[in-house]
Amino acid sequence: MKEIFILGCEKKEAGGGIYRCRLGDDGSLEAAEKFACDYPMYAALYGGRMYVILKYGGAGGNSSCFSIKPDFSDISEAKDTLGECACHIAVSEKGVYIVNYLSGNISKNCATCDVHTGRGVNLPRQNSAHTHFVGFTPDGKNLLCTDLGLDTITVYDENLGVADVTHMPEGYGVRHLVFSPSGKSLYAINELVPSVTLCDFSGGRLKVKDTVLLQCGLSGSTAAAIRMSDGIIYASVRKEQCIFTLSEKLEVMGKFPCGGEGPRDFDIFGKFIVCCNENSGTAVSLPVDGAFIGSSVSSLDIPGALCCVENKYFKS
(Lines give C-alpha, C1' and ligand atoms only; values in the text may rest on other atoms or scores of the structure.)
Protein backbone atom coordinates (compact mmCIF):
# COMPACT_ATOMS: atom_id res chain seq x y z
CA MET A 1 0.00 0.00 0.00
CA LYS A 2 1.09 3.54 -0.79
CA GLU A 3 -0.20 6.89 0.42
CA ILE A 4 -0.57 9.65 -2.13
CA PHE A 5 -1.84 13.21 -2.06
CA ILE A 6 -4.23 14.29 -4.82
CA LEU A 7 -4.94 18.00 -5.25
CA GLY A 8 -8.40 19.17 -6.26
CA CYS A 9 -8.03 22.61 -7.84
CA GLU A 10 -11.38 24.14 -6.92
CA LYS A 11 -12.60 26.49 -4.22
CA LYS A 12 -13.28 24.91 -0.84
CA GLU A 13 -17.04 25.15 -1.22
CA ALA A 14 -16.86 23.10 -4.43
CA GLY A 15 -14.65 20.37 -2.94
CA GLY A 16 -11.25 21.93 -3.45
CA GLY A 17 -8.39 20.81 -1.27
CA ILE A 18 -5.69 18.22 -0.64
CA TYR A 19 -6.95 14.64 -0.46
CA ARG A 20 -4.85 12.08 1.39
CA CYS A 21 -5.49 8.79 -0.38
CA ARG A 22 -4.46 5.17 -0.09
CA LEU A 23 -3.44 3.18 -3.15
CA GLY A 24 -3.79 -0.52 -2.44
CA ASP A 25 -1.60 -3.26 -3.85
CA ASP A 26 -4.59 -4.21 -6.03
CA GLY A 27 -4.92 -0.69 -7.43
CA SER A 28 -7.84 0.33 -5.24
CA LEU A 29 -8.06 4.03 -4.40
CA GLU A 30 -9.55 5.28 -1.14
CA ALA A 31 -9.73 8.84 0.19
CA ALA A 32 -8.70 8.82 3.87
CA GLU A 33 -8.74 12.52 4.79
CA LYS A 34 -9.04 15.96 3.23
CA PHE A 35 -7.46 19.33 3.99
CA ALA A 36 -9.77 21.95 2.53
CA CYS A 37 -8.15 24.90 0.76
CA ASP A 38 -8.86 27.05 -2.29
CA TYR A 39 -7.37 26.10 -5.63
CA PRO A 40 -4.27 24.02 -4.75
CA MET A 41 -2.26 23.62 -7.94
CA TYR A 42 0.85 21.58 -7.20
CA ALA A 43 2.81 20.17 -4.26
CA ALA A 44 6.29 18.92 -3.40
CA LEU A 45 7.51 17.08 -0.31
CA TYR A 46 10.81 17.90 1.37
CA GLY A 47 12.21 17.81 4.89
CA GLY A 48 9.14 16.17 6.39
CA ARG A 49 6.77 18.81 5.02
CA MET A 50 4.56 19.31 1.98
CA TYR A 51 4.89 22.60 0.12
CA VAL A 52 1.71 23.62 -1.69
CA ILE A 53 1.05 26.40 -4.19
CA LEU A 54 -2.40 27.96 -4.52
CA LYS A 55 -3.59 29.42 -7.80
CA TYR A 56 -5.07 32.43 -6.00
CA GLY A 57 -4.71 33.92 -2.53
CA GLY A 58 -1.69 36.21 -2.40
CA ALA A 59 -1.50 39.98 -2.17
CA GLY A 60 -2.85 41.88 -5.15
CA GLY A 61 -4.41 38.77 -6.67
CA ASN A 62 -1.11 36.90 -6.75
CA SER A 63 -0.75 33.20 -5.97
CA SER A 64 0.47 31.93 -2.61
CA CYS A 65 2.48 29.11 -1.08
CA PHE A 66 2.35 27.40 2.31
CA SER A 67 3.80 24.28 3.90
CA ILE A 68 2.13 21.65 6.05
CA LYS A 69 3.09 18.35 7.65
CA PRO A 70 1.85 15.24 5.80
CA ASP A 71 -0.58 14.57 8.67
CA PHE A 72 -2.17 17.96 7.93
CA SER A 73 -0.83 19.57 11.11
CA ASP A 74 1.52 22.52 11.73
CA ILE A 75 0.41 24.75 8.85
CA SER A 76 2.74 27.62 7.97
CA GLU A 77 1.71 31.14 7.07
CA ALA A 78 0.99 31.55 3.36
CA LYS A 79 3.46 33.65 1.37
CA ASP A 80 3.01 35.53 -1.88
CA THR A 81 4.69 33.72 -4.80
CA LEU A 82 5.47 37.08 -6.45
CA GLY A 83 3.42 36.23 -9.49
CA GLU A 84 0.11 35.26 -11.02
CA CYS A 85 -1.14 31.69 -11.45
CA ALA A 86 1.56 29.60 -9.74
CA CYS A 87 1.63 26.24 -11.50
CA HIS A 88 4.75 24.27 -10.46
CA ILE A 89 7.11 23.98 -7.51
CA ALA A 90 10.45 22.35 -6.65
CA VAL A 91 12.02 22.21 -3.19
CA SER A 92 15.46 21.23 -1.87
CA GLU A 93 17.99 22.42 0.70
CA LYS A 94 18.74 25.24 -1.77
CA GLY A 95 15.26 26.72 -1.43
CA VAL A 96 11.65 26.76 -2.59
CA TYR A 97 11.32 27.55 -6.30
CA ILE A 98 7.99 28.41 -7.93
CA VAL A 99 6.98 29.30 -11.48
CA ASN A 100 4.06 31.66 -12.11
CA TYR A 101 2.42 30.97 -15.46
CA LEU A 102 0.57 34.20 -16.28
CA SER A 103 3.27 36.59 -15.03
CA GLY A 104 6.02 34.53 -16.69
CA ASN A 105 8.45 34.45 -13.79
CA ILE A 106 10.29 32.14 -11.41
CA SER A 107 10.69 32.94 -7.71
CA LYS A 108 12.94 31.69 -4.93
CA ASN A 109 11.68 31.48 -1.34
CA CYS A 110 8.89 33.94 -2.24
CA ALA A 111 11.52 36.65 -1.90
CA THR A 112 13.32 37.15 -5.22
CA CYS A 113 12.36 36.40 -8.81
CA ASP A 114 13.49 36.45 -12.42
CA VAL A 115 10.99 37.67 -15.02
CA HIS A 116 10.88 36.38 -18.60
CA THR A 117 9.86 38.74 -21.41
CA GLY A 118 8.88 38.31 -25.04
CA ARG A 119 6.35 36.35 -27.05
CA GLY A 120 6.17 33.30 -29.27
CA VAL A 121 4.67 32.59 -32.68
CA ASN A 122 1.69 30.43 -31.72
CA LEU A 123 -0.83 33.16 -30.92
CA PRO A 124 -2.82 33.78 -28.84
CA ARG A 125 -1.36 31.10 -26.52
CA GLN A 126 2.14 32.56 -26.81
CA ASN A 127 1.33 36.26 -26.55
CA SER A 128 3.73 36.58 -23.58
CA ALA A 129 6.10 34.57 -21.40
CA HIS A 130 4.44 31.61 -19.62
CA THR A 131 6.79 29.78 -17.25
CA HIS A 132 5.33 26.33 -16.60
CA PHE A 133 7.78 23.96 -14.88
CA VAL A 134 10.75 24.10 -12.53
CA GLY A 135 12.91 21.14 -11.54
CA PHE A 136 16.44 20.29 -10.46
CA THR A 137 19.13 18.78 -12.64
CA PRO A 138 20.18 15.25 -11.61
CA ASP A 139 23.26 16.54 -9.77
CA GLY A 140 21.15 19.12 -7.92
CA LYS A 141 23.43 21.98 -8.93
CA ASN A 142 21.05 23.77 -11.28
CA LEU A 143 17.39 24.28 -12.04
CA LEU A 144 15.54 23.98 -15.31
CA CYS A 145 12.59 26.21 -16.11
CA THR A 146 10.34 25.77 -19.14
CA ASP A 147 8.61 28.70 -20.81
CA LEU A 148 5.59 27.64 -22.87
CA GLY A 149 5.18 31.16 -24.24
CA LEU A 150 8.75 31.58 -25.45
CA ASP A 151 9.58 27.98 -26.40
CA THR A 152 12.65 27.96 -24.16
CA ILE A 153 14.25 26.00 -21.33
CA THR A 154 16.37 28.15 -19.03
CA VAL A 155 19.13 26.68 -16.87
CA TYR A 156 19.47 28.62 -13.59
CA ASP A 157 21.93 28.48 -10.75
CA GLU A 158 20.53 28.27 -7.20
CA ASN A 159 20.31 32.08 -6.96
CA LEU A 160 18.35 32.38 -10.23
CA GLY A 161 21.34 33.46 -12.24
CA VAL A 162 20.90 32.42 -15.89
CA ALA A 163 23.47 29.82 -16.93
CA ASP A 164 22.03 28.83 -20.31
CA VAL A 165 18.94 29.18 -22.51
CA THR A 166 17.90 26.49 -25.01
CA HIS A 167 15.41 27.22 -27.77
CA MET A 168 12.90 24.44 -28.35
CA PRO A 169 10.74 23.78 -31.45
CA GLU A 170 9.09 27.06 -32.35
CA GLY A 171 5.39 27.31 -31.56
CA TYR A 172 5.26 23.92 -29.84
CA GLY A 173 4.94 25.27 -26.29
CA VAL A 174 7.38 23.30 -24.13
CA ARG A 175 5.63 22.36 -20.86
CA HIS A 176 7.15 19.71 -18.54
CA LEU A 177 10.44 17.77 -18.34
CA VAL A 178 11.83 14.44 -17.20
CA PHE A 179 15.41 13.12 -17.11
CA SER A 180 16.57 9.64 -18.06
CA PRO A 181 18.08 7.60 -15.19
CA SER A 182 21.58 8.32 -16.51
CA GLY A 183 20.94 12.07 -16.37
CA LYS A 184 22.36 12.43 -19.87
CA SER A 185 19.05 12.67 -21.72
CA LEU A 186 16.13 14.99 -21.09
CA TYR A 187 12.64 14.54 -22.48
CA ALA A 188 10.30 17.51 -22.86
CA ILE A 189 6.58 17.35 -23.54
CA ASN A 190 5.24 20.12 -25.75
CA GLU A 191 1.68 21.26 -25.08
CA LEU A 192 0.52 23.26 -28.10
CA VAL A 193 1.77 20.78 -30.69
CA PRO A 194 1.45 17.48 -28.79
CA SER A 195 4.94 16.01 -29.03
CA VAL A 196 8.03 14.91 -27.11
CA THR A 197 11.48 16.43 -27.67
CA LEU A 198 14.74 14.67 -26.77
CA CYS A 199 17.70 16.76 -25.59
CA ASP A 200 21.24 15.79 -24.65
CA PHE A 201 22.34 17.19 -21.29
CA SER A 202 26.01 17.72 -20.53
CA GLY A 203 28.02 20.31 -18.63
CA GLY A 204 24.89 22.13 -17.55
CA ARG A 205 23.77 22.68 -21.14
CA LEU A 206 21.05 21.22 -23.34
CA LYS A 207 21.19 20.32 -27.01
CA VAL A 208 18.02 19.49 -28.94
CA LYS A 209 18.32 16.15 -30.75
CA ASP A 210 14.92 15.05 -32.01
CA THR A 211 11.16 15.59 -31.73
CA VAL A 212 8.32 13.13 -32.35
CA LEU A 213 4.69 14.10 -32.81
CA LEU A 214 2.02 12.35 -30.76
CA GLN A 215 -0.52 11.44 -33.40
CA CYS A 216 -3.86 12.90 -32.33
CA GLY A 217 -7.16 12.51 -34.15
CA LEU A 218 -8.89 15.48 -32.56
CA SER A 219 -8.22 19.12 -33.32
CA GLY A 220 -7.33 21.19 -30.27
CA SER A 221 -5.68 18.36 -28.34
CA THR A 222 -3.01 19.57 -25.89
CA ALA A 223 -0.27 17.57 -24.18
CA ALA A 224 0.16 17.82 -20.41
CA ALA A 225 2.33 15.54 -18.25
CA ILE A 226 5.42 13.42 -18.89
CA ARG A 227 6.95 10.67 -16.74
CA MET A 228 9.55 7.96 -17.18
CA SER A 229 9.93 4.52 -15.62
CA ASP A 230 12.11 1.52 -16.54
CA GLY A 231 13.09 2.99 -19.89
CA ILE A 232 9.53 3.83 -20.94
CA ILE A 233 8.27 7.40 -21.45
CA TYR A 234 4.64 8.19 -20.64
CA ALA A 235 2.91 11.30 -22.00
CA SER A 236 -0.68 12.45 -21.48
CA VAL A 237 -2.80 14.33 -24.00
CA ARG A 238 -5.99 16.20 -23.13
CA LYS A 239 -9.09 16.09 -25.38
CA GLU A 240 -7.55 12.96 -26.88
CA GLN A 241 -8.03 11.61 -23.29
CA CYS A 242 -5.07 9.27 -23.47
CA ILE A 243 -1.58 8.41 -22.35
CA PHE A 244 1.03 7.57 -24.97
CA THR A 245 3.99 5.29 -24.28
CA LEU A 246 7.34 5.80 -26.04
CA SER A 247 10.80 4.24 -26.04
CA GLU A 248 13.94 6.18 -25.08
CA LYS A 249 14.55 6.61 -28.83
CA LEU A 250 11.13 8.31 -29.17
CA GLU A 251 9.43 5.38 -30.86
CA VAL A 252 5.71 5.56 -30.07
CA MET A 253 4.77 2.17 -28.59
CA GLY A 254 1.14 2.61 -27.61
CA LYS A 255 -1.82 4.89 -26.91
CA PHE A 256 -4.21 4.11 -24.04
CA PRO A 257 -7.37 5.69 -22.54
CA CYS A 258 -6.70 7.71 -19.39
CA GLY A 259 -10.00 6.75 -17.73
CA GLY A 260 -11.45 10.26 -17.71
CA GLU A 261 -11.34 13.69 -19.31
CA GLY A 262 -8.45 16.14 -19.18
CA PRO A 263 -5.42 14.13 -17.93
CA ARG A 264 -3.60 17.13 -16.42
CA ASP A 265 -1.15 15.11 -14.29
CA PHE A 266 -0.29 11.51 -13.52
CA ASP A 267 2.45 9.51 -11.88
CA ILE A 268 3.60 5.92 -11.63
CA PHE A 269 3.35 4.14 -8.28
CA GLY A 270 4.70 0.60 -8.62
CA LYS A 271 2.36 -1.40 -10.86
CA PHE A 272 -0.20 1.38 -11.23
CA ILE A 273 -0.54 4.80 -12.80
CA VAL A 274 -2.71 7.30 -10.94
CA CYS A 275 -4.09 9.81 -13.43
CA CYS A 276 -5.66 13.13 -12.42
CA ASN A 277 -8.39 13.92 -14.93
CA GLU A 278 -9.14 17.58 -14.30
CA ASN A 279 -12.18 18.03 -16.53
CA SER A 280 -14.08 14.97 -15.34
CA GLY A 281 -13.03 15.58 -11.73
CA THR A 282 -11.70 12.07 -11.24
CA ALA A 283 -8.50 10.36 -10.16
CA VAL A 284 -8.16 6.84 -11.55
CA SER A 285 -5.73 3.98 -11.13
CA LEU A 286 -4.57 2.17 -14.26
CA PRO A 287 -2.46 -1.01 -14.25
CA VAL A 288 0.83 -0.53 -16.08
CA ASP A 289 3.25 -3.14 -17.41
CA GLY A 290 6.06 -1.56 -19.39
CA ALA A 291 4.61 0.06 -22.49
CA PHE A 292 1.12 -1.36 -21.84
CA ILE A 293 -1.51 0.48 -19.78
CA GLY A 294 -4.72 -1.32 -18.81
CA SER A 295 -8.23 -0.07 -18.12
CA SER A 296 -9.22 1.78 -14.96
CA VAL A 297 -9.24 -0.36 -11.81
CA SER A 298 -10.49 2.23 -9.33
CA SER A 299 -11.69 5.83 -9.37
CA LEU A 300 -12.23 8.70 -6.93
CA ASP A 301 -14.36 11.79 -7.47
CA ILE A 302 -12.08 14.76 -6.80
CA PRO A 303 -13.26 18.10 -8.21
CA GLY A 304 -10.60 19.63 -10.45
CA ALA A 305 -8.19 16.73 -9.88
CA LEU A 306 -4.90 18.24 -10.95
CA CYS A 307 -1.78 16.85 -9.24
CA CYS A 308 -0.73 13.67 -7.46
CA VAL A 309 2.37 13.13 -5.34
CA GLU A 310 3.49 10.20 -3.19
CA ASN A 311 3.85 10.62 0.56
CA LYS A 312 7.42 9.31 0.82
CA TYR A 313 7.22 9.51 4.62
CA PHE A 314 4.31 7.05 4.82
CA LYS A 315 4.94 3.61 6.33
CA SER A 316 2.27 0.99 5.70
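The table below lists the values:
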{"read-out": "Where a residue in the stretch 111-126 is closer than 13 Å to V162 by Cβ and its partner, wherever it lies, is aromatic (F, W, Y) and open to solvent by less than 70 Å² (accessible area, probe 1.4 Å), with Cβ under 8 Å and at least six apart", "value": "D114/Y156"}
{"read-out": "Residues (within 20 Å of V96 (Cβ to Cβ) and open to solvent by 20 Å² or more (accessible area, probe 1.4 Å)) located in the stretch 148-162", "value": "D157, E158, N159, G161, V162"}
{"read-out": "Failed item, numbered, when I106 is tested on (1) of a type outside the set (S, T, Y); (2) open to solvent by 50 Å² or more (accessible area, probe 1.4 Å); (3) assigned to a strand (DSSP E or B)", "value": "(2)"}
{"read-out": "Candidate set from the stretch 261-294 (those that are part of a loop (DSSP other than H, G, I, E, B) and open to solvent by 20 Å² or more (accessible area, probe 1.4 Å)); member that is nearest to R175 (Cα to Cα)", "value": "E278"}
{"read-out": "Scope the stretch 70-103; condition of a type in the set (A, V, I, L, M, F, W, C), farther than 20 Å from Y19 by Cα and open to solvent by 30 Å² or more (accessible area, probe 1.4 Å); matching residues", "value": "L82, L102"}
{"read-out": "Residues being under 23 Å from C87 (Cβ atoms), more than 17 Å from the chain's Cα centre (by Cα) and surrounded by 13 or more Cβ atoms within 10 Å (Cβ to Cβ) - total across the stretch 302-316", "value": "2"}
{"read-out": "Single condition D25 does not satisfy, out of (1) open to solvent by 50 Å² or more (accessible area, probe 1.4 Å); (2) assigned to a strand (DSSP E or B)", "value": "(2)"}
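Conditions tested, residue by residue: (1) open to solvent by 50 Å² or more (accessible area, probe 1.4 Å); (2) touching a Ser or Thr at 6+ places or on another chain (Cβ under 7 Å); (3) over 17 Å from L192 (Cβ atoms).
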site: K207; (1), (2), (3): yes, no, yes
site: T211; (1), (2), (3): no, yes, no
site: I226; (1), (2), (3): no, no, no
site: S229; (1), (2), (3): no, no, yes
site: M253; (1), (2), (3): yes, yes, yes
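The values are calculated or read from the model by the stated rules, or taken from the named source; none is laboratory data. If you're wondering where the values come from, they're calculated on a predicted model, not measured in any experiment. We place every Cβ from the backbone using ideal geometry, glycine too, and count neighbours over all the protein chains shown. We work out accessible area using only protein heavy atoms, side chains counted, and drop any ligands, DNA or RNA first. Shrake-Rupley method; radii C 1.70, N 1.55, O 1.52, S 1.80 Å.
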